[in-house]
Structure formats: structure tokens, C-alpha cells
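The values are calculated or read from the model by the stated rules, or taken from the named source; none is laboratory data. Model, not experiment: these values are computed from the prediction. As a convention, Cβ positions derive from the backbone with ideal geometry for all residues, glycine included, and neighbour counts pool all protein chains shown.
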Amino acid sequence: MKKNLILLLWTALLFIGCSKDDDNIFSPPQDLASQDFMWKASNYWYFWQDDVPNLADDRFASDEEYTAFLESDADAGDFFDNQLRFTEDRFTFYSPDYEEFTKILSGITKNNGLNFGLILLEGDLLVGYVRYIIPDSDAASKQIFRGNYFTEVDGQRLDTNNYIDLLFGENDTYTLSMADYVNDEFTPNGLEVMLTKEENFQENPVYITNTLDVNGTKIGYIFYRRFTDGFEDELNAAFGQLQAQGITELVLDLRYNPGGRVSSAVALASMIYGTNTNELFVKQRWNPKRQAGFSASSLEENFINQIEGGEAINSLGLSRIYVLTTERSASASELLINGLDPYMNVIQVGTTTTGKNEFSLTMVDDPGNNFPYTYDPARESFINPNNSWAIQMLCGRYENSVGFSDFTTGLVPEIELEEDVLNLGALGDINEPLLARAIEDITGVSGKRDFTVRMPAKAFADSDTFDPVRDVMIGGVPSGIEQK
């Protein structure tokens with residue numbers, strides 16, 4: 001009996017010790033609910049919690065001290081940036097409206113279908129160039145195409161002082177004045193294109209699927225725009241098409257892909273490489289407090305053999321892949337490259353990627369969730385009605401099967417080639433420069449093609465600059481987490 005009592009005491013002490021870090025009992029005034037949510041969610045989940053002094057478990061000794069700290073910034077976003085953000089954190093972001101925010105995360109936006117970049121000319125003048133047009137959008141019904149240029153919006157010459165108001169302002173409709181490149185300058189050609197943003201527009205990220213027959217070699221090509229949840233069926237169908245056409249090589253175009261759902265990256269990796277569910281694709285690494293509560297197996301993401309819903313994955317079983325990248329390739333795009341690298345020959349063509357190696361979770365003011373503060377659409381009625389803020393918080397890193405995750409400066413291509421504003425080509429076309437360079441390496445046949453870049457596509461800004469979910473990699477909570 002004495003032995004059982006001692007064991008019970010040790011168990012209680014262990015529970016108290018494990019719980020102490022997470023039981024933040026401070027109760028600030030209601031008007032500080034947003035700041036309180038920011039601190040408590042960050043103290044629990046933030047990847048750098050152990051490195052930020054203000055997030056230490058013993059930072060505050062009383063309600064009064066905690067309240068005074070929360071009052072340091074009236075705006076919750078400023079509070080996070082000034083008091084909680086780790087210096088190396090480039091990608092945590094937030095919104096005062098979680099309902100609108102979570103719609104955007106699922107790929108639902110107000111959009112006219114124009115994806116563009118802006119190039120800085122002499123002085124403060126800008127010129128826009130069209131990267132691509134989203135199918136079934138307003139822009140898709142107009143005479144505007146990849147490689148076109150525009151210099152004016154609503155009759156005003158684009159410059160560094162007005163481009164935000166003209167292209168990213170409250171106006172749902174604007175008119176572009178198009179231009180040609182003549183005698184080394186962009187000259188208006190008299191054509192105008194009026195575009196209108198459509199509410200609740202959702203883009204199918206599987207944009208192009210082609211099979212190219214080059215000197216007897218069947219090369220598959222997929223332009224994949226974003227790792228959006230809910231489109232695995234379309235992606236799997238695209239791989240089924242390539243499989244049926246007998247492709248032996250694959251070029252995956254991620255040049256404008258800013259990331260998205262890790263689950264979609266796992267599915268895509270399995271479609272490319274294989275479906276052995278015993279092989280590790282990537283594994284999660286969390287802050288020390290959270291890491292201690294997970295079992296090792298719960299942190300692992302293996303290759304899969306079926307997509308959500310039970311359909312078998314159409315896997316190509318390739319031993320090498322060519323991936324087209326730019327500085328706009330980020331997050332889950334980089335995760336895919338890094339996760340596949342130990343298993344197959346991954347050859348990047350293009351320019352260095354963004355360098356985002358952390359994953360995030362969506363946080364709302366729902367402390368009663370089994371996974372405190374994480375967003376669950378089935379629990380919206382439990383979210384604090386006095387606080388509508390959401391935060392997309394960096395919570396960990398994904399390492400590949402050999403433990404590598406250190407690519408904060410980006411993944412460097414084996415074959416470097418910048419996009420040329422003056423020669424963008426058509427996506428999926430055999431003569432588009434980045435695709436052509438990949439094909440040249442695949443076939444081993446060097447033609448007389450000149451890959452000289454006259455005007456590098458180094459964008460001053462682009463259509464994704466103010467996208468609140470750009471460069472996002474959305475992970476999941478491991479099944480082995482301690483329940484609250």
C-alpha cells in the first residue's frame with residue numbers, strides 16, 4: 001500500500017510538471033482578449049517559444065504584470081510583431097477576421113484571374129507582365145495572355161507610388177492599358193482590357209497536364225499552382241492520364257507555387273515516386289514543449305497508397321524528376337523537393353526557391369479545443385465571440401528522411417535559368433525556355449537554342465505580394481499529442 005501511495009504521488013508530480021507549462025491561468029480584461037489569445041497560443045505552439053523571453057512559462061508573476069504586458073500594444077497584430085515574433089520568423093501572419101481568413105486558406109478568394117509581375121524601370125516607373133491567366137476566370141474571357149504587358153491602370157501610369165491603390169485597392173474592376181516592347185522600350189499599343197474580381201472564386205491548382213513526345217521519349221508535364229486541399233482527385237486523375245500515356249520522364253512546374261497543404265504534398269510525392277507506406281517521406285520537429293508530448297511515430301509522414309476517400313494513387317514510380325522553380329516556389333513546394341531528394345534524382349531547373357522550411361497551424365481563440373487554439377470548422381461556435389483574430393503560426397519544421405531541413409536561403413537549382421520577361425513563352429509548350437532547358441537535359445541533345453536572358457523576371461512586386469496566404473505550408477497535429 002505504501003508503495004502504491006508513493007507511485008501515485010510520483011504520478012501526480014509528473015502530471016503537474018508536464019501540465020505546468022501549458023496551464024496559463026492569467027485572466028486579463030475582456031478588451032485584451034486578442035492579445036491574450038496571441039500570447040497563450042504562442043506560448044503553447046510557437047516553434048521558437050523557447051527562444052523568445054516574453055514567451056517563457058515563468059515570464060509573469062501576477063495578473064497585474066500579465067495585463068500590463070498585454071497593454072503594451074493596442075493592436076493585436078502589432079503586439080505579436082513587437083513582443084512575440086522571433087527575429088528569424090519571416091512567415092507567421094495574422095488577420096482580424098478568421099472567417100474571411102479561413103476561406104482564403106481553402107483557396108476561395110476575390111479574383112479576376114490575372115497573375116502578373118511588376119518590373120521596375122528607370123526612376124519609379126513600373127511595367128506589368130502577365131504570368132498566366134486562370135481558366136474559367138473573368139480574365140480568361142478577355143483578350144489578355146501570358147507574355148502581354150501593361151503600363152497603365154485606369155488611365156494612370158503605373159509607378160512605385162500608386163501600384164498598390166490601382167492593383168490591390170478596394171476597386172473590384174480596373175482597366176489595363178496594354179503595351180508592346182518596341183525599340184527597347186514599352187510602348188502603349190492602344191488596347192485596353194477591363195477586368196472584374198469575382199467573389200468566392202476558387203482556382204483549380206492542376207492547371208496544365210501535357211504529354212510531350214520528343215525524339216521518342218514521352219515526357220509528362222504538369223503545371224501545379226498551389227497545394228490546395230480538396231483537389232487531390234484532380235491531381236490523381238492527371239497522373240492517371242500521364243500513366244496511361246506511358247510517360248517515362250516528368251517535368252513538374254512549380255515556378256509560381258507558394259505552397260499549401262502538407263497532405264497534398266505527401267499525395268503528390270507518392271504519385272511521383274511510389275506508394276510504399278513503410279517509407280518515410282518527412283518528419284515533424286516542434287518546439288521542445290510540444291515535441292516531448294509526441295510519440296516518434298506520430299511525427300512521421302510516410303508515402304501513401306490512396307488519397308482521401310480511398311481511391312488508389314496513380315503512381316508513376318519514377319527514379320528522377322525535373323522541377324521548374326523560381327523565387328516564388330515556396331513552402332510545400334520546397335518540402336516536396338526536399339522530401340523526394342533521398343529517394344530519387346531531383347533536378348531543379350530555374351532559380352533558387354524562397355527558403356521557407358517551417359510549417360504552420362491556423363490559430364483562433366478556442367482554448368477548449370483538444371488541440372488548444374487550433375482552428376476546427378466544426379467548433380466555430382466555441383470561438384471567443386469577443387475575439388475574431390486568427391494567426392497562421394509557424395509551429396515546426398519538416399525534415400526529410402535523412403534529417404535535412406536547413407534551406408532557409410532556398411533550394412539552389414542544378415540548372416540555373418531565369419525567366420525572361422521578353423521571352424516568357426507559353427506554359428507547357430515545348431519551346432517555353434525553362435521547359436525547353438529541362439527537355440534538353442532529359443534527351444541529352446543540345447540544340448542551337450540560345451538561352452540568353454535579356455530582361456530577367458525579377459519582380460518588384462506581383463499579384464501574390466499582398467496575398468495573405470502566400471508562402472504557407474499548413475501542417476497537421478500529430479496523432480500522438482497529449483490530449484488537453
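For (1) touching a Ser or Thr at 6+ places or on another chain (Cβ under 6 Å); (2) among the aliphatic types (A, V, I, L, M); (3) more than 30 Å from residue 227 (Cβ to Cβ), each residue gets a yes or a no:
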| position | (1), (2), (3) |
| --- | --- |
| 102 | no, no, no |
| 128 | no, no, no |
| 139 | no, yes, no |
| 143 | no, no, yes |
| 152 | yes, no, yes |
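Results for (1) surrounded by 14 or more Cβ atoms within 10 Å (Cβ to Cβ); (2) of a type outside the set (D, E, K, R); (3) assigned by TED's automatic domain parsing to the domain that holds residue 409, shown as yes or no for each residue.
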site	(1), (2), (3)
82	no, yes, no
91	yes, yes, no
117	yes, yes, no
131	yes, no, no
145	no, yes, no
148	yes, yes, no
152	yes, no, no
161	no, yes, no
query: How many residues, within region 345-390, are in contact with a helix residue (DSSP H, G or I) (Cβ under 8 Å, 6 or more places away or on another chain) and assigned to a loop (DSSP other than H, G, I, E, B)?
result: 20
In region 15-55, residue surrounded by the most Cβ atoms within 10 Å (Cβ to Cβ) [restricted to those that are at pLDDT 95 or above, hydroxyl-bearing (Ser, Thr, Tyr) and assigned to a helix (DSSP H, G or I)]: 42
task: Name every residue in region 411-443 that is in contact with a Leu (Cβ under 6 Å, 6 or more places away or on another chain) and surrounded by fewer than 17 Cβ atoms within 10 Å (Cβ to Cβ), in order of residue number.
output: 430
query: (1) outside any loop (DSSP other than H, G, I, E, B); (2) in contact with a Pro (Cβ under 7 Å, 6 or more places away or on another chain): which one isn't true of residue 425, the others all being true?
result: (1)
message: Just the residues that are of a type in the set (Lys, Arg), modelled with pLDDT of 95 or more and closer than 28 Å to residue 198 by Cα, please, taken from region 80-131.
response: 131
task: Scan region 187-210 for residues that are closer than 19 Å to residue 332 by Cβ and of a type in the set (Phe, Trp, Tyr) and jot them down.
output: 207
statement: Within region 253-265, the residues that are buried (at least 23 other Cβ atoms within 10 Å of the Cβ) and either more than 16 Å from the chain's Cα centre (by Cα) or not aromatic (Phe, Trp, Tyr) (or both) are 253, 254, 255, 257, 258, 259, 260, 261, 262, 264, 265
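Among what's in region 397-409 and is in contact with a helix residue (DSSP H, G or I) (Cβ under 8 Å, 6 or more places away or on another chain) and under 19 Å from residue 353 (Cα atoms), pick the residue that is surrounded by the fewest Cβ atoms within 10 Å (Cβ to Cβ).
404
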- request: Please work out if residue 407 is under 16 Å from the mean Cα position of the chain (by Cα) and either part of a loop (DSSP other than H, G, I, E, B) or small (Gly, Ala, Ser) (or both).
  value: yes
task: Mind telling me which of the residues 180, 154, 213 ends up being in contact (Cβ under 8 Å) with a residue 24 or more places away in the chain, acidic (Asp, Glu) and farther than 25 Å from residue 328 by Cα?
output: 180
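Would you check if residue 189 is assigned to a loop (DSSP other than H, G, I, E, B) and either surrounded by 14 or more Cβ atoms within 10 Å (Cβ to Cβ) or at pLDDT 95 or above (or both)?
no
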field: Subset of region 257-294 (residues that are at pLDDT 95 or above and of a type in the set (Phe, Trp, Tyr))
entry: 273, 281, 286
message: Quick check on my filter: what residues within region 300-318 are surrounded by fewer than 20 Cβ atoms within 10 Å (Cβ to Cβ) and either within 30 Å of residue 43 (Cα to Cα) or not assigned by TED's automatic domain parsing to the domain that holds residue 233 (or both)?
response: 300, 302
- prompt: Under the condition of being in contact with a Phe, Trp or Tyr (Cβ under 8 Å, 6 or more places away or on another chain) and not in a loop (DSSP other than H, G, I, E, B), which residue from region 239-257 is farthest from residue 351 (Cα to Cα)?
  reply: 249
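Restricting the search to region 218-238, which residues are in a helix (DSSP H, G or I) and within 17 Å of residue 334 (Cβ to Cβ)?
None; the set is empty.
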